[in-house]
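Asker: Mind looking over this structure? Questions follow.
The values are calculated or read from the model by the stated rules, or taken from the named source; none is laboratory data. These figures come from a predicted structure and were not determined experimentally. Quick reminder, even Gly has a Cβ in these numbers, built from the backbone with ideal geometry, and neighbours come from all protein chains shown. Remember, those area values only see protein heavy atoms, side chains included, never the ligands or the DNA or RNA. Shrake-Rupley method; radii C 1.70, N 1.55, O 1.52, S 1.80 Å.
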Amino acid sequence: MMKRIKQYMFMVIVAFCGISCSNFLDLKPDQKMAIPESLEHCELLLNDYTAMNTGYPTLGEIANDDYFLKTADWLSLSEFEEKQSYIWAVDMINLNSQWQNSYKVVYLSNQILDVVRKQDPNQDAQKYSNVLGAAHFFRAFAFHQVATTFTLPYRESTAAQEMGIPLRLKPEMDYKSVRTSLKESYDQIISDYKVAIANLPISVALKGRPQKGTAYAGLARVYLEIQDYAQAYLYADSCLQLQYELLNYKELNASAGFPIARFNKEVLFPATGLYTPILSQYVARVDSNLYLEYGLHDYRKGLFFQPNDTDLGTYGFKGSYNNSDAQPFVGLTTSEAYLIRAESAVRIGKVNQALSDINMLLKNRIDANYFTAIVETNPERLLRIILAERRKELIFRGQRWSDLKRLNQDDRFKKTLVRVIDGKEYRLEPNSLKYAHLIPELVISESGMPQNKR
């Protein structure tokens, strides 16, 4: 039975592109035999790690400023859209997986929620609540991954007028996707996370499944992105009340190829982006100015980086929280939650809490013999310190693109990105329309949705 369910789920990939699927439905699969019918079936779908936890968009990682490519390496890339995304010059995208993988998670979540609605919540109340919460979490996470990649920066004053993403909230495939407003999109993400929080258990046995602290962290990330720092603080705090452990980087082996264990105690929710050769530690060269920001006694310098070009003196990134290469970790961790709480705290006037959080993180990252606690109490200077540490800690962790979108709205932190290929300079100006990646052409042509502006 479960094999037939998964075969059916594979067949609906066309739907994840956001099209009407009328031709696809003419195939008339045996839906009665294929659609999940019980909470046990839903559990099996939620436990499908490959479907639910991997393959999220990587266009933001490709386009950000944490690394650069040599001209020869750029020319050798086989994926045209990735090459063009690197220099912010793409005028059409056919990489459907950058869109459809997340909508596959949305579809499966909707299919599960449809089953849950038909169950008696009193028959197995705990399982009912766990499945309901997990499905809402996965849908929120997937929607947010799409939103950060394919929409313009969130501004409260204009979000109701800006284009958001399609909010597919039903498992049926016989309707076209329509772009909602950016505000509606984020309202739905927030709503899903809140349902998840209300229903998820405090702990779960399976590493790939979310728990209550995970949903708190996801919602804190969303509120940080939309610059609601009071709410970001509260939800990061709620997360850390439940799960607060940090790795002591002193205990890790810097000589290992991938020194940070997968599913380590910091990981609240494991998730990865698409495999992307452009981000390989042998191709992507970490920005030299960023590398130099790590102090001599900062364990991250040896754990995150290894030389990848002795002639240029450049470094590649090996500090993946997925213990892998070229497949960026985009999940949630306690270290990110500490950084969210620290930044939000200083922005809302809780300077002592901000100092406590940033020092808690750094004393687990820097040799104790050389660690000096940060004591800066000027909010402006402390904010700059925390943002610098955020970038250093979360490098290649799926957050830089959304941080650029958010921080470019503040004159203090605006940044123009620059690439040089074969002697030609390419620039990405702050608040450029290119911060919303183009939606794949198949989605636009089949659904009739408006494309992002250029």
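Asker: Residues of region 302-324 being open to solvent by less than 40 Å² (accessible area, probe 1.4 Å), at pLDDT 95 or above and in contact with a helix residue (DSSP H, G or I) (Cβ under 8 Å, 6 or more places away or on another chain), which ones?
Answerer: Result: Leu303, Phe305, Phe317, Lys318, Gly319.
Asker: May I pose another question? Hey, Val420 hits all of (1) open to solvent by 50 Å² or more (accessible area, probe 1.4 Å); (2) outside any strand (DSSP E or B); (3) under 23 Å from Ala89 (Cβ atoms) but one; which does it fall short on?
Answerer: Failed condition: (2).
Asker: Among the residues of region 373-398, which ones are within 21 Å of Glu251 (Cβ to Cβ) and either without any contact (Cβ under 8 Å) to a residue 12 or more places away in the chain or assigned to a helix (DSSP H, G or I) (or both)?
Answerer: Answer for region 373-398, where residues must be within 21 Å of Glu251 (Cβ to Cβ) and either without any contact (Cβ under 8 Å) to a residue 12 or more places away in the chain or assigned to a helix (DSSP H, G or I) (or both): Glu389, Lys392, Glu393.
Asker: In region 41-73, how many residues are farther than 30 Å from Gln211 by Cβ and either touching a helix residue (DSSP H, G or I) at 6+ places or on another chain (Cβ under 6 Å) or of a type outside the set (Phe, Trp, Tyr) (or both)?
Answerer: Final tally of qualifying residues: 8.
Asker: Right, another one. With the structure loaded, tell me whether Val115 is hydrophobic (A, V, I, L, M, F, W, C), within 20 Å of the chain's Cα centre (by Cα) and not in a loop (DSSP other than H, G, I, E, B) or whether it fails that test.
Answerer: No; evaluated as a whole, the condition is false for this residue.
Asker: On the basis of being more than 15 Å from the chain's Cα centre (by Cα) and free of Cβ contacts under 8 Å to residues at least 60 places away in the same chain, does Leu206 make the cut?
Answerer: Taking the combined requirement at face value, the residue does not satisfy it.
Asker: Could you grab the pairs with beta carbons closer than 6 Å, sequence gap of 6+ or different chains, first residue in region 420-438 and over 16 Å from Ala147 (Cα atoms), second one in a strand (DSSP E or B)?
Answerer: Tyr426/Arg419; Arg427/Val418; Leu428/Leu417
Asker: I would also like to ask the following. Take region 439-450 and flag every residue that is small (Gly, Ala, Ser), within 17 Å of Leu95 (Cβ to Cβ) and open to solvent by 60 Å² or more (accessible area, probe 1.4 Å).
Answerer: Answer for region 439-450, where residues must be small (Gly, Ala, Ser), within 17 Å of Leu95 (Cβ to Cβ) and open to solvent by 60 Å² or more (accessible area, probe 1.4 Å): just Ser445.
Asker: Restricting region 280-295 to residues that are without any contact (Cβ under 8 Å) to a residue 60 or more places away in the chain and open to solvent by 30 Å² or more (accessible area, probe 1.4 Å), which is nearest to Ile395 (Cα to Cα)?
Answerer: Taking the candidates together, the pick is Tyr291.
Asker: Here's something else I'd like to know. With on the phi < 0 side of the Ramachandran plot and within 23 Å of the chain's Cα centre (by Cα) as the only criterion, which of Glu336, Glu380 stands out?
Answerer: Glu336
Conditions tested, residue by residue: (1) in a loop (DSSP other than H, G, I, E, B); (2) over 23 Å from Thr272 (Cα atoms); (3) modelled with pLDDT under 95; (4) open to solvent by less than 40 Å² (accessible area, probe 1.4 Å).
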{"residue": "Gln145", "(1), (2), (3), (4)": "no, no, no, yes"}
{"residue": "Thr148", "(1), (2), (3), (4)": "no, no, no, yes"}
{"residue": "Tyr154", "(1), (2), (3), (4)": "yes, yes, no, yes"}
{"residue": "Thr158", "(1), (2), (3), (4)": "yes, yes, no, no"}
{"residue": "Met173", "(1), (2), (3), (4)": "yes, yes, yes, yes"}
{"residue": "Lys183", "(1), (2), (3), (4)": "no, yes, no, no"}
{"residue": "Asp192", "(1), (2), (3), (4)": "no, no, no, yes"}
{"residue": "Val195", "(1), (2), (3), (4)": "no, yes, no, no"}
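Asker: If we scan region 121-132, do we find a residue that is within 16 Å of the chain's Cα centre (by Cα) and either crowded, with 23+ Cβ neighbours inside 10 Å or of a type in the set (Val, Ile, Thr) (or both)?
Answerer: no
Asker: Taking the condition of being under 19 Å from Ser177 (Cα atoms), β-branched (Val, Ile, Thr) and modelled with pLDDT of 95 or more, how many residues in region 85-141 meet it?
Answerer: 2
Asker: From the list Lys453, Lys414, pick out the single residue that is within 25 Å of Phe80 (Cβ to Cβ), open to solvent by 20 Å² or more (accessible area, probe 1.4 Å) and in a loop (DSSP other than H, G, I, E, B).
Answerer: Checking each option against the conditions leaves just Lys453.
Asker: What are the residues in region 239-279 that are touching a residue at least 40 places away in the same chain (Cβ under 8 Å) and in a helix (DSSP H, G or I), if any?
Answerer: Cys239, Leu240, Leu242, Tyr249, Lys250, Pro277, Ile278, Leu279
Asker: Of all residues being under 23 Å from Ala147 (Cα atoms), β-branched (Val, Ile, Thr) and touching a Gly at 6+ places or on another chain (Cβ under 9 Å) in region 46-93, which is least open to solvent (accessible area, probe 1.4 Å)? Just the residue, please.
Answerer: The extreme case among them is Thr58.
Asker: Cβ contacts < 8 Å: first residue closer than 15 Å to Tyr299 by Cα and open to solvent by 70 Å² or more (accessible area, probe 1.4 Å), restricted to region 349-370; second residue modelled with pLDDT of 95 or more and in a helix (DSSP H, G or I), any location; separation 6+ or different chain. Result?
Answerer: Taking only residues 6 or more apart or on different chains, the pairs are Ala368/Lys250.
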